[in-house]
Structure formats: C-alpha cells, structure tokens
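Student: For reference, the structure I am asking about is given below.
The values are calculated or read from the model by the stated rules, or taken from the named source; none is laboratory data. No experiment lies behind these values; they were computed from the predicted model shown. Neighbour counts run over all protein chains shown; Cβ positions are idealised from the backbone, glycine included.
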Number of protein chains: 2
Amino acid sequence: MSDMKKILECVPNFSEGRKSEKIEEIVNPFRGKPGVRLLDYQTDKDHNRLVVTAVGEPEALKRAVTEAIGAAIECIDMRQHKGQHPRMGAADVVPFIPVKNVTMTEAVEISKDFARQVSEKYNLPIFLYERSASAPERENLSNIRKGQFEEMAEKIKRPEWKPDFGPWEIHPSAGVTAVGARMPLVAFNVNLDTDDLTIANEIAKKVRYSSGGLRYCKGIGIGLKEKRIVQVSMNMTDFTKTAIYRTFELIRTEAKRYGVNVVGSEIIGLVPMAALIDTAEYYLRLENFSMEQVLEYRIME
Amino acid sequence: MSDMKKILECVPNFSEGRKSEKIEEIVNPFRGKPGVRLLDYQTDKDHNRLVVTAVGEPEALKRAVTEAIGAAIECIDMRQHKGQHPRMGAADVVPFIPVKNVTMTEAVEISKDFARQVSEKYNLPIFLYERSASAPERENLSNIRKGQFEEMAEKIKRPEWKPDFGPWEIHPSAGVTAVGARMPLVAFNVNLDTDDLTIANEIAKKVRYSSGGLRYCKGIGIGLKEKRIVQVSMNMTDFTKTAIYRTFELIRTEAKRYGVNVVGSEIIGLVPMAALIDTAEYYLRLENFSMEQVLEYRIME
C-alpha cells in the first residue's frame, strides 16, 4: 500500500459477444496478474461485443491489455463479424482513464506508448483518439469509426486517415483499433414525474452540450413505460468540469417551467468517488475539504 | 487486490507526546510491515499524548499494535507522566474500527482476541469498552478512565472494576489499557453567520443526543473569533445511523428561527467515503445505488 502508486483504468471493447470460449480467451489475460484487477466484463449478443473493465498499475495493465488484444486478433475475424454496434476492429477501442496519481497528460503518454508497442507487435494500424488524438477530427471516436470495418480498407488510404501507428493498411482480419486517454464517463439519469416524453427531450436539449448546454454533458429523453415517467438520460464526459450536482440542479430548474418535479436519479455502472464527494461538498457547503481526508482514498491501490 | 480482503483501522492513543525518540519507537512498528499502513500520527505536547492512525489486515495490524504497545510499556512510566488529557495507561486506549469486509461483530471479536493476547504478553490489565464492553457501564471510556492513572490502583480492586483481561492490579509503570471496537468518528462542524455564541449552543443542544437530539451526535457551540462567526462543533459517532446530511439539515432548520444562516461546514481529519456518498445519494435522490459502483471502493485494499 503506497500513496504514490499510479493507477489507471482501461475499458477495452472487443468484437466478440457471443462465443463464450473466445470471450474467455480475451478476458483471461486480466486474471491472476499482480498489479492488475479485472473489475467487470459484459457481453451483448445483439451487439456481438465484449466490454472489459480493468484497473491496475500502468505497466502491468498495458501488458494485460496487449495480451488480450493478441487473443482477440487470434480468435476474431472481422470479415465474418456481424453485430448492431458500430465497430471497425477485433479490438475496437481501447480507452485509458486516469484513476489515481496519474495526470491526464501522463495517461495520454501511456496510451501513445501502448499504441506504438501494440501496432508493432501485431502489425496493427492504430488511431489515437480523445485526449490522445493527433488532430481535432480524430478526437471523436465516431468520426474515426465512420464507415466501420467494411469501408476501413478504403478509408485509411486517404491521407487524412493515415493511422497514427502501424501499417498504412488495415489488418486483414482484425481491422483497425482506436487507442486513447479519456476522463471517466458517468452515466447519470434523472427521473421526472410526467409521462410526457417531449418534456424530457426539451430538458435534455437544454442541458446537453450539443444544443447549448453544459460542456461535458450528453443527453436524451427516454420514456420509462413501466413506471409511467420519463427520464433525462445522460453521459457525463468530464465530471471534474461539468459537475453532477450542477447538472441535477439545472434539470430541476428547467423542470419547474413545466410544473414537473424531479423524483429521483440513478447512476448506471461505475462512478469515481470524487464525482459523489464533489456533490456532498456542494450541498454541505464544505470548506477546505481534501480527497486526502477520505479514508478509502488513502488506502486504495 | 482482492474484493474480500478484510481491512480494519486502529487509532491507538499513547501517553507520550513530547520526546521524539520515544514517539518514534512507538510509531515504528507501523512502518514497513506488509498488510499495514500508517496513515497518520499526531502528538500534542500539552496533552503529552500520541495518536496513531493505521489501517491494515486484521492479523498484521494486531501484530503491529501489539509491538507498539510493547514499545510504549518499555519507554513510558506513568508514575512520571504529566499532561492535560485524561489518561490511565502508557497505551491508554486502543479502538478498532471496521473499514471493509469486516462487520462490527467481527471487529468486536478481533478486539477481544487482541486484548487477551496483549494482556498475557505484557501482564497488562485491559478493559473492553464501546461495542466490546462486557457491561453497559464500561461502554463509555470516560467511565472506565475516571480517576485516571493516579487512582486506578485502588479503583480496579473494586469488584465492578475488575479488568476483563490480565492481572487484577495495575501494571506498575504502564497502568491499564482500554481496548474495543467502535464505528469511525466523523468530526463535522457547521458554521453560522452570527457572532452570538448562545445561538450555536442552543442549536447544539437541540441536535445532540445528550439533550434530546440525534442518537449518534455529540455537539457544542464554539466561537470562531477571527471569522466573527460561531460554529456547531460535532462528533458523529455512527454516521451510518445518524447521517451527516440529516444533521446538517436539522441545524439549518433550527437556525431559521434565529434568522441565522448556515454559511459553511467542515470535516476535520479522516472521513469514510460512505459518509459523503450517503450525503450525495440524499441530495441527488439517487435510487438503487450500491457502494460496489464506486470505482475506488472496488479497488482499495
């Protein structure tokens, strides 16, 4: 247990969500490795996709992810792949996320080292994305992935789509991979006591970045039919800059004009402790509080 | 890194706060031990007292605390001890606090095993206190410690003050020690925009247990002269039952009758993550949230 141990998270997405033998081969490299911990893995048969969540020390974590990509290249043939989720490679996208004692700048460096090593080891073309992107149009994964595996062989011949690392052509069976550093995502949903979906959509428009709202908030309205209510369903892409509580209060403010109340909220999946402690700090008006005061922050690794 | 690793905290208090050589001898057993981490130690010259905060796996932590008590017995002579803080032994009080994967029942058992082992090893009389107490009048440390070291030789001869472990007489130089399991304390203060100390005292009376308030809240009013405001200064003795946010809201409600506002709050020292996450859950009206969703909770050890 050391204060200064660096901890990264990695959430690689692989294009196999159906065959459990293959899934296990890809997940296995994250098991039983000192300095690496497999937190979760989820598969979706319709998407035909596997999402792994692992944390660890940078070097150990990079080795495990490298091994998993090797397994994915071995057992996935993108020429045969079908699934509803957009995809362009056997190892489709590999985000690295700072967790403790790692700055974003360091995470970017780590992601670039990783991308170069993996591209050389497997002769795999790699695009850097998000904070690691080499050009603004490569920040957004959907720009890179547009056209998907089927059109990638042609797309990467264009000078503006030359990969950042690896050969200037797709891997015949494994396609291309995106690697980059990003902030943790927080999936945050706020429930409203109405069944009028237009109200949730109107509020989502006001709070999300793309239509004039908060910089690090994506959102849509959805109906929860069983509960007969609606929800503003959001992805918070940088809670350190666009706080959870601020988004919550803004939704509450906007809901008032419709005579609608916030009746609850939910966080889906993992959330960094700091996102909730920031919320507690706001409502309690806490002064001079430091994460070093949080017992668990001091002892985690 | 394993989900099921048990983690305890121990905050032993020793009767030496002046001589740095002796302090180091007592603190050293917490250093460089696998499975043990020294988080903090603070000395007070007026109190002539040392407070150590350490966390670790139960067995390793018990060994380190045992070693530290041995060092304290070696280097402290209570017959020579002077200090403002009440005290009855070289190792005055040794609380064990559950942190992760340890129930209070287990912590009580661990504290009792520890007390028995230490009493035998050093021929030291030990009182069990707080949740480990063998009788209601032994729950409160101040009852046990009343009379302090100077009167303890006589006091423990009385049948109702027979120690739970060890000899039925004080250790000549090290006195007696209290050992027990308790919940973590949270030192939580709320600031009010008035310089009228009577208002802080009135509100403290209403929220604290001893005068009719919340079960796990102790509190007094104090004046912050430099800031020209007053503060309700509290010790939350079980935040899982008396929530921080509930205490905060109750103070806000009581302050209204005086036309006074809450202008801030502070947490002094360490706080368990759950105390603040509970607060965020309340204000965001979070539904179905689990600590397992907190990234750091999953990876700490």
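Student: Counting just the residues of the range B:71-96 that are assigned to a strand (DSSP E or B) and in contact with a helix residue (DSSP H, G or I) (Cβ under 7 Å, 6 or more places away or on another chain), which one comes out surrounded by the most Cβ atoms within 10 Å (Cβ to Cβ)?
Tutor: Only one residue fits best here, namely B:Gly89.
Student: Got a number for residues in the range A:281-301 being facing chain B (nearest Cβ under 7 Å), assigned to a helix (DSSP H, G or I) and either of a type outside the set (S, T, N, Q) or touching a Phe, Trp or Tyr at 6+ places or on another chain (Cβ under 6 Å) (or both)?
Tutor: Final tally of qualifying residues: 7.
Student: Scan the range A:105-135 residue by residue and report those that are buried (at least 18 other Cβ atoms within 10 Å of the Cβ) and part of a helix (DSSP H, G or I).
Tutor: A:Ala107, A:Val108, A:Ile110, A:Ser111, A:Lys112, A:Phe114, A:Ala115, A:Val118, A:Ser119, A:Tyr122
Student: Ok, one more. Hey, among the residues in the range A:264-280 that are at the interface with chain B (Cβ under 7 Å from one of its Cβ atoms) and surrounded by fewer than 19 Cβ atoms within 10 Å (Cβ to Cβ), which one's nearest to A:Arg228 (Cα to Cα)?
Tutor: Among residues in the range A:264-280 that are at the interface with chain B (Cβ under 7 Å from one of its Cβ atoms) and surrounded by fewer than 19 Cβ atoms within 10 Å (Cβ to Cβ), the one nearest to A:Arg228 (Cα to Cα) is A:Gly264.
Student: Given the conditions (1) modelled with pLDDT of 95 or more; (2) more than 14 Å from chain A (Cβ to nearest Cβ); (3) surrounded by fewer than 20 Cβ atoms within 10 Å (Cβ to Cβ), and given that B:Gly223 satisfies all but one, which numbered condition is not satisfied?
Tutor: If we test B:Gly223 against (1) modelled with pLDDT of 95 or more; (2) more than 14 Å from chain A (Cβ to nearest Cβ); (3) surrounded by fewer than 20 Cβ atoms within 10 Å (Cβ to Cβ), just (1) comes out false.
Student: Which of the residues spanning the range B:154-185 are in a helix (DSSP H, G or I) and under 20 Å from B:Ile69 (Cβ atoms)?
Tutor: Answer for the range B:154-185, where residues must be in a helix (DSSP H, G or I) and under 20 Å from B:Ile69 (Cβ atoms): there is none.
Student: For the range A:235-258, does any single residue satisfy the condition of being more than 10 Å from chain B (Cβ to nearest Cβ), assigned to a strand (DSSP E or B), without any contact (Cβ under 8 Å) to a residue 60 or more places away in the chain and under 25 Å from the mean Cα position of the chain (by Cα)?
Tutor: Within the range A:235-258, one or more residues are more than 10 Å from chain B (Cβ to nearest Cβ), assigned to a strand (DSSP E or B), without any contact (Cβ under 8 Å) to a residue 60 or more places away in the chain and under 25 Å from the mean Cα position of the chain (by Cα).
Student: When you go through A:Arg182, A:Arg215, A:Arg208 one by one, which is the residue that is under 30 Å from A:Leu8 (Cβ atoms), crowded, with 18+ Cβ neighbours inside 10 Å and without any contact (Cβ under 8 Å) to a residue 40 or more places away in the chain?
Tutor: A:Arg208
Student: Right, here's the next one. For B:Ile229, are the conditions met, namely being more than 7 Å from chain A (Cβ to nearest Cβ) and surrounded by fewer than 18 Cβ atoms within 10 Å (Cβ to Cβ)?
Tutor: For B:Ile229, the condition - more than 7 Å from chain A (Cβ to nearest Cβ) and surrounded by fewer than 18 Cβ atoms within 10 Å (Cβ to Cβ) - is not met.
Student: Sticking with this structure for a sec: Do we find that A:Lys62 is under 30 Å from A:Glu292 (Cα atoms) and at pLDDT 95 or above in this structure?
Tutor: Spelling it out, A:Lys62 is indeed under 30 Å from A:Glu292 (Cα atoms) and at pLDDT 95 or above.
Student: Here's another thing I want to ask about it. Counting only residues that are in contact with a strand residue (DSSP E or B) (Cβ under 9 Å, 6 or more places away or on another chain) and of a type outside the set (A, V, I, L, M), which one in the range B:255-280 is nearest to B:Lys100 (Cα to Cα)?
Tutor: Among them, the one singled out is B:Pro272.
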